[in-house]
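The values are calculated or read from the model by the stated rules, or taken from the named source; none is laboratory data. In this text the structure is predicted, and so the values were computed from the model without any measurement. Note that each Cβ is placed from the backbone with ideal geometry, even for glycine, and that neighbours are counted across all protein chains shown. Note: accessible area is taken over every heavy atom of the protein model, side chains too, but ligands, DNA and RNA are not part of it. Shrake-Rupley method; radii C 1.70, N 1.55, O 1.52, S 1.80 Å.
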Amino acid sequence: DAQNTSPQQPSFEVVHVTNTNNNWKNLEVSAHFNGGQAYEYFRQTFNRNSINGAGGNIISIINVTDENDNNMDNAFWGGAAMFYGNGDVSFQALAKGLDVAGHEMSHGVIQNTANLEYIGQSGALNESFADVFGSMIDRDDWQLGEDVVKPAAFPSGALRDLSNPNNGGNSLGDPGWQPKHMNEYQDLPNTPQGDNGGVH
């Protein structure tokens with residue numbers, strides 16, 4: 001539990017969640033359960049023992065804030081752990097999404113295997129593989145984030161949709177829109193504003 005602190009701030013402090021009376025909080029259970037489901041998918045499907053393939057620890061960190069210590073509308077793989085924000089404008093608490101956990105853990109698997117550079121088309125492959133694995137771990141549908149998005153921010157009801165990459169939008173800038181064909185390819189700058197060359 002990051003206790004509503006940011007890994008970009010010196011005040012960042014993570015505490016190990018323990019409980020002596022079995023009185024767990026929802027986010028604690030969701031992060032642990034969803035991480036376990038993702039682990040089991042890789043173990044049962046690919047005989048892969050954890051993120052690093054050698055039984056390494058799986059760490060989920062909840063109650064993470066953004067770099068300014070504000071509510072974080074994101075979840076991410078941080079190189080050694082999965083970090084979950086509690087949402088703000090566009091999302092509810094991201095730890096409750098099984099496909100979110102599957103997506104973030106898959107980034108760890110990708111880092112420990114192909115280690116695709118996170119820019120341009122290699123970064124887009126990284127994101128795409130993580131989306132596919134996230135959807136295979138949460139097999140309800142081909143959507144991602146449908147359990148955590150706020151409909152006001154994503155009118156389609158999903159962050160992304162592998163069965164319909166345009167996701168109810170018409171072009172770049174529409175919520176959740178992605179190209180579904182190379183004729184919609186976007187050559188974006190390798191900047192934070194350009195999504196590292198359009199990795200998403």
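Listed values, structure above:
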{"read-out": "Tally, over the stretch 177-200, of residues that are in contact (Cβ under 8 Å) with a residue 24 or more places away in the chain, of a type outside the set (Val, Ile, Thr) and either under 23 Å from residue 91 (Cβ atoms) or part of a loop (DSSP other than H, G, I, E, B) (or both)", "value": "4"}
{"read-out": "Hits in the stretch 13-22 (condition: open to solvent by 60 Å² or more (accessible area, probe 1.4 Å) and either of a type outside the set (S, T, N, Q) or within 18 Å of residue 76 (Cα to Cα) (or both))", "value": "13, 14, 16"}
{"read-out": "Meets criteria (farther than 18 Å from residue 95 by Cα, of a type in the set (S, T, N, Q) and open to solvent by 90 Å² or more (accessible area, probe 1.4 Å)) for residue 26", "value": "no"}
{"read-out": "Flag for residue 178 being open to solvent by 60 Å² or more (accessible area, probe 1.4 Å) and of a type in the set (S, T, N, Q)", "value": "no"}
{"read-out": "Selection within the stretch 93-126 - assigned to a loop (DSSP other than H, G, I, E, B) and surrounded by fewer than 16 Cβ atoms within 10 Å (Cβ to Cβ)", "value": "113, 114, 115, 117"}
{"read-out": "Flag for residue 32 being open to solvent by 70 Å² or more (accessible area, probe 1.4 Å) and under 16 Å from residue 97 (Cβ atoms)", "value": "yes"}
{"read-out": "Whichever residue in the stretch 127-150 is more than 16 Å from residue 74 (Cβ to Cβ) and in a helix (DSSP H, G or I) and, among such residues, is least open to solvent (accessible area, probe 1.4 Å)", "value": "135"}
{"read-out": "Odd one out for residue 89, checked against (1) open to solvent by 20 Å² or more (accessible area, probe 1.4 Å); (2) among the aliphatic types (A, V, I, L, M); (3) under 23 Å from residue 28 (Cβ atoms)", "value": "(3)"}
{"read-out": "Cβ pairs under 7 Å, 6+ apart, first in the stretch 142-155 and over 10 Å from residue 175 (Cβ atoms) and without any contact (Cβ under 8 Å) to a residue 40 or more places away in the chain, second hydroxyl-bearing (Ser, Thr, Tyr) and open to solvent by 50 Å² or more (accessible area, probe 1.4 Å)", "value": "142/163"}
{"read-out": "Yes/no for residue 57 being in contact (Cβ under 8 Å) with a residue 40 or more places away in the chain, part of a loop (DSSP other than H, G, I, E, B), of a type outside the set (Lys, Arg) and exposed (fewer than 13 other Cβ atoms within 10 Å of the Cβ)", "value": "no"}
{"read-out": "Subset of the stretch 60-79 [part of a loop (DSSP other than H, G, I, E, B) and open to solvent by less than 70 Å² (accessible area, probe 1.4 Å)]", "value": "66, 69, 72, 73, 78, 79"}
{"read-out": "Answer from 94, 27 - the residue that is within 25 Å of residue 161 (Cα to Cα), without any contact (Cβ under 8 Å) to a residue 60 or more places away in the chain and under 19 Å from the mean Cα position of the chain (by Cα)", "value": "94"}
{"read-out": "Count of the stretch 33-64 residues which are farther than 20 Å from residue 139 by Cβ and within 15 Å of the chain's Cα centre (by Cα)", "value": "8"}
